[in-house]
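What follows is one structure encoded as structure tokens, with my remarks underneath.
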Amino acid sequence: MIKNYLKTAFRSLVKNRSYSFLNIFGLAIGIACAALIFLWVESERTYNDYFSNQATLYKVKDSQTYNGTTYVFDATPGPLAPGMKAEIPGIKSTARSTFNYNLLFSLQDKTIYELGSYVDPAFLSMFHLQFISGNAATAFSQLNSLVVSETMAKTFFNSVDVIGKTLKVDNNKEFVISGVIKDLPKNISFKFDWLAPFKVFENDNTWLTQWGSNSLITYAEVEPNANVSAINKQLYNYIQTKQPGATARMSIYPMARWRLYDSFDANGKEKEGRLKYVNLFTLIAWIVLIIACINFMNLSTARSERRGREVGVRKVMGASKGKLIGQFIGESVFLSFLAAMVALLIILLVLPSFNTLVQKQLALDLFAPLHIGALVIIIVACGLIAGSYPAFYLSSFNPVTVLKGLNFKTSVSAVFIRKGLVILQFSVSVILIICTVIIYRQVEHTKDRDLGYNKQDLVYIHLRGKMAEHFSAIRTDLLATGAVENAGTSSQTVLQLGSNTGDFSWPGKDPAKQLLISVDNISPGFISAAGMHLKQGRDFYPNAAADSNNVIINDALAKSINAKNIIGTIITRYNKKLTVVGVIHDFIYNNMYASAAPLIMFCDPANTYYMNIRLKAGTELPTALKSVEGVIKKSSPGYPVEFSFVDQEFEDFFKAETLIGKLSGIFATLAIIISCLGLFGLTAYTAEKRVKEIGIRKVLGATSRGLATLLSKDFVTLVIISCVIAFPVSWWIMNQWLKDYEYRTQINWWIFIATDMLAIAIAIATVSFQAIKAALTNPVKSLRSE
């Protein structure tokens, strides 16, 4: 029986090649799209699964409330980790880690910058790092020890057998390699190629012993049955027992939520982070699949009359309705299987480009049980969804009617459902198009805002060796090249200021209200080099010592101070009086969608870490960079120069939104293509069904243009209805999405009109070919049998 069903299905495919192609290809595109999205979703949802003890690993979060707003940080004080382990029950182990450092490693004439961190010894065992050479217990037994990744070992030594070999760090200290770990996968929260003992960093930074200095990441491993709520209850006031009056409130945050959540509202409550994107694209995947399935349903029901006699004969021969339903659903699953095979080919072809787009290394492993299971589920689900209605519809035919050769009249319900499915297809497609346009406009709207500085032609490098000490001479040489307009140093980059505090006061400040203020150390010339503008007062004098007790603030802080004469206002910190000598216009940093946060700048070149260089506009970039590199190497010959471009880093702030926009655009396009495949097939069917009517109309004088319009208008009407449905839905979706942004674009009416016109144009282009073809048919051919 099954063999006969397969033969019947195959003959039907061959007999109706065009419709079979539309069915299989449309479904294949849908399955391929869904599979690619699900691969991305799998990567996101399995983040940090590499760590077998993920359930017991936590990061300590630092919550601080200023002026009614709660900020949540990863930065914690140095003494916290040992204190937690010693005093809080349920904590099995703790480890401190610096934020990543990009240090220079040297071996003879080979010098390479590598990313890594200084960590406590417990870090190695807490995270179950897999050692190729050495082991976690003894890796940091000596102070200047170094654990390197497999890749880093091969980069310098072309081997992983490197225990006992040395590397020079920052042209200064020599470190002995004590361990080599396997390269970590890409979908984990850590990015490092080397680890060194935290004690080395602590010895060079004695201020780490202070409870009020939050500058480290603290990790904790809890006992398997630990009461996390009880631990957090003790942590809440833990800092206050060490430093009365502190604002910091600590809590442990599970590794399982680092990737998809790790975002907090103004009340310090957790909210969705990347999870909202994961859920969004999961929904889009199923929508694209359903659109593809709708094509199958429409084309199958539309072509049902062709199989009417087959159904009649089978019923007369004793086939029950249940067997017929099983046969047609089986055919549908068979088609779905063929579509899945085509989809696999499409995936293999486009996966490299998709990986480039999403910046991942996704792989289709058909031998993985999860992937095989997912493919089977998709095949069966598509087969059932696409074939269910056609199966019930075909099996309901009256054998007497179809075998007598009477005109078979399509049921009202079938026509209604078919039109409803077309409307649903195009409604979803229009929604995706509108959302794509608004996402793009939001990103561009933010990029075009007044940033408060000029990101073009602005580059920076890390200050290494004695560059900071010799900066005055370096700056003179840079200006002499003719390629540099200005240069200045800062403790942080223009785009990201991570140092902040509430330890400032001024006349008239309400003692009950604390304001979180960002802090940056700069050199004279930095404000000009960055392209910032003074609103009031002056810049720092070229002689930095003359401004050691003076500060420059931004307009946001000036408004908070609200003094009649802001220039000359005294700001106090730790009993040190600082005089405001200048106010700069607000510039945007950290969050490109938010308003500028309060900022205070100190004239302290000795504590800066970045050199910011303004290149002259119009200068050829390679020539300018080569000139700058020559000056830097002359001053610090042992350090390769690596440039960072502010305009490129600015673009990186929009990675998430840009990715959403690109993927939405791609899937909107594919949804339209799939919908048009179905529309193309339905138009062909309609033209075929009305061939005699068209012939009679032509004989009676109807023009080809009029006939084409007649055949097209029903489908165009469906598209117009789709737009009417899609407009309010897409407006609501994007209005909710834009609420997350303080600085946001407007949802303009013309977007909906333009999308409506585009959808109608696409529909007309799709149906016009078949309509015109039918209208140009010689009526003699269609009427000669009459």
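The values are calculated or read from the model by the stated rules, or taken from the named source; none is laboratory data. On a predicted model such as this, the values are computed, not experimentally measured, just so you know. Don't worry about glycine lacking a Cβ; one is built from the backbone with ideal geometry, like all the others, and counts go over all protein chains shown. Quick note on the areas: whole protein, heavy atoms, side chains included, nothing else; ligands and nucleic acids left out. Shrake-Rupley method; radii C 1.70, N 1.55, O 1.52, S 1.80 Å.
What the table shows:
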quantity	calculated
Sequence-distant residues sharing a close amide H with N521 (under 5 Å, placed H)	S491, Q492, F602
Average accessible surface area per residue within region 47-114, 1.4 Å rolling probe, Å²	40 Å²
Accessible surface of region 175-276, 1.4 Å probe, proportion on carbon and sulfur as whole %	47 percent
Virtual spin-label span in nm between N203 and L143, 7 Å along Cα→Cβ	0.2 nm
Contour minus Cα-Cα distance for S472 and Q210 (0.36 nm per residue)	91.0 nm
Mean Cα-pair separation over length for region 559-633, i.e. relative contact order, pairs under 8 Å, 6 or more apart, %	13 percent
Protection proxy ranking, peptides 217-226, 422-431, average beta carbon neighbours within 10 Å, highest first	422-431, 217-226
Calculated FRET value between S229 and A363, using beta carbons and R₀ = 60 Å, to 0.05	0.90
Percent accessible area from carbon and sulfur atoms, region 517-631, protein chains only, probe 1.4 Å	50 percent
Per-residue HN-Hα couplings for region 625-638 [Karplus 6.51, -1.76, 1.60; θ = phi - 60°; Hz; x = Gly/Pro]	5, 5, 5, 5, 4, x, 5, 5, 5, 5, 7, 9, x, x
Whole-Hz couplings from phi, Karplus 6.51/-1.76/1.60, listed for region 735-746; x for Gly and Pro	5, 5, 5, 6, 4, 6, 10, 5, 9, 9, 7, 9
Sorted peptide list for 332-341, 633-642, criterion being average Cβ within 10 angstrom, highest first	332-341, 633-642
Projected-area average for region 549-611 over all orientations - Cα convex hull basis, square nanometres	5.3 nm²
Calculated FRET value between F337 and I720, using beta carbons and R₀ = 41 Å, to 0.05	0.65
Simple label model, 7 Å out from Cα along Cβ direction - T70 to K92, nm	2.8 nm
Per residue value of the accessible surface for region 150-224 (all protein chains in place, 1.4 Å probe), Å²	46 Å²
Local electrostatic count, N562, Cβ distance below 14 Å [Lys/Arg +1, Asp/Glu -1]	+2
For region 454-542, alpha-carbon Rg over 2.2 N^0.38 Å	1.33
Inter-label distance, nm, simple model (7 Å from Cα along the C-beta direction), T166/T151	2.8 nm
Listed peptides 457-469, 748-760 by packing density, highest first (mean Cβ within 10 Å)	457-469, 748-760
Radius 15 Å from Cβ of G508, net charge of other residues (Lys, Arg +1; Asp, Glu -1)	+3
Proximal charge balance of F540 [Cβ under 12 Å; K/R count +1, D/E count -1]	-2
